[in-house]
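K.L.:
What follows is a structure written as structure tokens; I'll ask about it next.
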Amino acid sequence: MKPILENLVEMTGHRDHLRLEVSVLSTLQKLPTVKEVRALEVFQADGALHVRPRTWVEQGQLVSPQSHVAQTDPRRQPLTEFPALQQCIADRAATALHSPQKGIYTLWLPVWMHEEVHTCLEITQSRPFSAHKLDVIKSVFHVYQNYQSLLDYSERDALTGLLNRKTFDEQFTRQVAAPAAGTELAAEGDAAAPAEPLQQWLAVVDIDHFKQVNDRFGHLYGDEVLILIANILRSSFRAQDRIFRFGGEEFVVLLRSTTLTTARKIFNRFRLAVKEYHFPQVGQVTVSVGFASTARGAPVEILGQADQALYHAKGHGRDQVLFYDELIEQGHLHTKVAHDDVELF
């Protein structure tokens, strides 16, 4: 019991979801008769649920490579290949057991967050799981799941549920460091894919005339607008993209592995989705969007570039999407030197 308690202390000392995941797998791996532990990511691809190993043991060490987008990871498998786990998720059950052959006994523990499963812990051992062993594993898992929920809560905006400002720098670093590979985000009216490189993009979104909404209808309806905009943002982008609420009526989107042509269409599709949505009591709402490539510069510089494009859009008609580099080329904006102590928002 003492080693388990020591591992739990170490596990709850982490402030990062991935490190916490590695820590709980390390704890479970040390239990007697356990042969293998993995964390499986559960995700949608081609209209169906799939799984892929996200953290596993390799040469005695737990590894979590981030070299592949889930949807294009060659190791992905349809969830239908794991019928016991598939049924477990469909039934919203806490655990699933499976033994394909003698000497291999597998336990799955889905991690439920926000009414969905995004991760599942998998434990395989050489003998059947005893009642006592299951109790120990479930106790460790419950500590892990509760702590994951606490971390997630600390990273979310309380009103909209989107990622908050303090998570941006780390997410930006992860997104930019990851290779620009993966599926294109389809845009309506796309012709054959142009010969453009896949890049990462950062967009700043601002609700037009939001102060007038609050002044005219009150903050309760203003908050409803923010929540509905957040929902439209979620439905407009993929799971591998990242959406943040920076405060007030400003949002930031990190769009992964997309060409400039498609990025522009996707941001415009989101803009039109907002414009065409009927907001209760308020009626029509529009947004302005400024975006920039993340290829050059620190987070504060990229934010500054997208911010400049945004405010040019707001100062020249609103309800439009503008690209920073084009505004520079056209002479509408001039390159500014960014300083880390500049307050951009």
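Nothing in this text is a laboratory measurement; each read-out follows from the coordinates by a stated rule. Only a predicted model underlies this, so the values are computations on that prediction, with no experimental measurement involved. Cβ: placed from backbone, ideal geometry, glycine included. Neighbour counts: every protein chain shown.
K.L.:
Please identify, among SER257, SER64, SER130, the residue showing maximal mean-square fluctuation in a Gaussian network model of the chain using a 10 angstrom Cα cutoff.
P.N.:
The residue that fluctuates most here is SER130.
K.L.:
With unit charges on the beta carbon (Lys/Arg positive, Asp/Glu negative), name the residue among HIS118, ALA131, GLY161 whose Cα is farthest towards the positive pole of the charge dipole of the range 107-163.
P.N.:
Going by the charge dipole, the pick is ALA131.
K.L.:
Need one number: nm distance between label points at GLN44 and ARG76, each 7 Å from Cα along Cα→Cβ, rounded to one decimal.
P.N.:
It is 1.3 nm.
K.L.:
By its C-alpha gyration tensor, with a ≥ b ≥ c as the square roots of the eigenvalues, how is the range 223-278 shaped: rounded for a/c under 1.5, else prolate for a/b larger than b/c, else oblate?
P.N.:
Oblate, since a/c reaches 1.5 and b/c is not below a/b.
K.L.:
Dipole of the chain, Cα-centred, from +1 at each Lys and Arg C-beta and -1 at each Asp and Glu C-beta, to the nearest 20 debye?
P.N.:
Rounded to the nearest 20 debye, it is 1000 debye.
K.L.:
Answer with a single label: of (i) 63, 48, 40; (ii) 108, 47, 47; (iii) 70, 48, 40, which was calculated as Cα extents along the principal axes in Å from the structure in view?
P.N.:
Derived directly from the coordinates: (iii).
K.L.:
Residue separation times 0.36 nm, minus the C-alpha to C-alpha distance between ALA93 and VAL57: what's the value?
P.N.:
Using 0.36 nm per residue and subtracting the Cα-Cα distance, I get 10.3 nm.
K.L.:
On to the next question. With the crude spin-label approximation of a point 7 Å out along Cα→Cβ, what separation in nm comes out for THR33 versus LEU18?
P.N.:
Placing both labels 7 Å along Cα→Cβ, they lie 3.4 nm apart.
K.L.:
I've got another one for you. Please list, or write none, the lysines whose alpha carbon is within less than 21 Å of the alpha carbon of LYS211, excluding same-chain residues fewer than 8 places away.
P.N.:
Output for LYS211: LYS275, LYS314.
K.L.:
Moving on to the next point. So if I take the centroid of the Cα atoms in the range 115-174 and the same for the range 24-52, what is the distance between those two points in Å?
P.N.:
Here the two parts' Cα centres lie 12 Å apart.
K.L.:
Restricting to bridges with both residues inside the chain, how much of the DSSP beta-bridge set is antiparallel, in percent to the nearest 5?
P.N.:
Counting DSSP beta bridges with both partners in the chain, the antiparallel share is about 90 percent.
K.L.:
Antiparallel DSSP bridges in the range 208-345: what percent, to the nearest 5?
P.N.:
Taking every DSSP beta bridge within the range 208-345, about 65 percent pair in antiparallel fashion.
K.L.:
So for the chain, taking the charge dipole from beta-carbon charges (+1 Lys/Arg, -1 Asp/Glu), which of THR261, ILE104, ALA70 sits furthest toward the positive end?
P.N.:
So the residue furthest toward the plus end is ILE104.
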